[in-house]
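This report concerns only the one structure given below.
The values are calculated or read from the model by the stated rules, or taken from the named source; none is laboratory data. This is a predicted model, so every value here is computed, not measured. Neighbour counts are summed over all protein chains in view; Cβ atoms, including those assigned to glycine, are modelled from backbone coordinates with ideal geometry.
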Amino acid sequence: MREPPRIAEEDLRACLQDQYDLSPVTLTFLPLGHDYDAGMYRVESEQGTAYAHGLRNEISSSKEERKARHAGKA
């Protein structure tokens, strides 16, 4: 994805807090990759740790399903 996904930054921050217990200080969109349904962000936590976070334009049915996919079990 070459342009940021159409999601409000506040919603993305809330999702990172809810799903990963991560309070981002900075969110920087990275125009990388060839998947036009996904985007990458550099996320910096309050502790100064930097993370790469991918975001897809899809709907997941449950928190457990997302965790299983993340762990490679689905």
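With the requirement that a residue be in contact with a strand residue (DSSP E or B) (Cβ under 8 Å, 6 or more places away or on another chain) and either at pLDDT 80 or above or part of a strand (DSSP E or B) (or both), what does region 49-74 give you?
Those that are in contact with a strand residue (DSSP E or B) (Cβ under 8 Å, 6 or more places away or on another chain) and either at pLDDT 80 or above or part of a strand (DSSP E or B) (or both): Ala50, Tyr51, Ala52, His53, Gly54, Leu55, Arg56.
Taking region 10-48 as the region of interest, how many residues are surrounded by 12 or more Cβ atoms within 10 Å (Cβ to Cβ) and part of a helix (DSSP H, G or I)?
7
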